[in-house]
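Encoded as structure tokens, the structure appears first; notes follow it.
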Amino acid sequence: GAGVSQSPRYKVAKRGQDVALRCDPISGHVSLFWYQQALGQGPEFLTYFQNEAQLDKSGLPSDRFFAERPEGSVSTLKIQRTQQEDSAVYLCASTLRVVQETQYFGPGTRLLVL
Amino acid sequence: KQEVTQIPAALSVPEGENLVLNCSFTDSAIYNLQWFRQDPGKGLTSLLLIQSSQREQTSGRLNASLDKSSGRSTLYIAASQPGDSATYLCAVEDAGKSTFGDGTTLTVKP
């Protein structure tokens, strides 16, 4: 497939568990973005990478959230000690070059913390 | 802090009607504005991207305008179809960080 893929599509975690969400951007895309979307709301920016460099992580809600993109392609968003308020859809998007371009979104990972 | 508002939150129209969705933002220092479509349980699909130096973009039955000075954008959908039923989101970008509105949920009735 040529689009952005995310895995898993659904994740149920017990409160306190650690989770890891994966994003495979479109091959060759330089920039990668993570968003959190609560039910009935628009996506909220979490963090953004250009190649392997994390240029902006101002949207990460707490130090329990960590994102990496070590080789400039696949990215992982890790949430430690999950809490119920972390339940949301986590969306990943990529752009071909730097910013100011069309963002291509993946289908999202729906996280439910019980 | 940038804030994006979309009005109305929901809209129901009969098939064939022309309609306008509104988006407003508080900080005019933006790089671009994008309109997206989101179907239930799915990711977002980009519809139109307007750079800050542009005033409008068109794609098929869709036309989006941007008035940066007043902090407003509109998405015009001509001759609406049931397949247009979805949530429409606008987002403004500033240096890699995009701020989204909460969307307008459109229902087009056959």
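Bear in mind these aren't lab numbers, they're just calculated from the coordinates by the rules spelled out. This one's a predicted model, so the numbers in the text were calculated from it and none came from an experiment. Positions of Cβ are backbone-derived with ideal geometry, glycine not excepted, and every protein chain shown enters the neighbour counts.
Summary table below
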| item | result |
| --- | --- |
| Residue-by-residue Karplus 3J(HN,Hα) for region A:81-89, coefficients 6.51, -1.76, 1.60, Hz, glycine and proline x | 6, 4, 10, 4, 6, 7, 4, 4, 9 |
| Counting all C-alpha pairs of region B:7-110, share separated by more than 20 Å (%) | 34 percent |
| Overall Cα dimensions of the protein assembly as shown - principal axes, largest extent first, Å | 49, 36, 36 |
| Spin-label pair B:ARG55/B:SER28, simplified geometry with 7 Å Cα→Cβ offset, distance in nm | 1.5 nm |
| B:ASP67-B:THR45 FRET efficiency (beta carbon distance; Förster radius 30 Å; 0.05 resolution) | 0.80 |
| Ranked B:LEU19, B:LEU44, criterion: other C-beta atoms within 10 Å, fewest first | B:LEU19, B:LEU44 |
| From the C-alpha gyration tensor of region A:60-114, square roots of 5λ in Å | 24, 14, 10 |
| Region A:1-92 - Kirkwood radius from inverse mean 1/r over Cα pairs (Å) | 13.5 Å |
| Rounded Å value of the spacing that divides the Cα centres of region B:8-65 and region A:1-64 | 23 Å |
| For A:ALA13, distant residues with modelled amide H under 5 Å away | A:LEU112, A:VAL113, A:LEU114 |
| Spin-label pair A:TYR10/A:THR76, simplified geometry with 7 Å Cα→Cβ offset, distance in nm | 2.4 nm |
| Rounded FRET efficiency, nearest 0.05, which uses the C-beta distance separating A:SER27 from A:LEU112 and R0 of 30 Å | 0.45 |
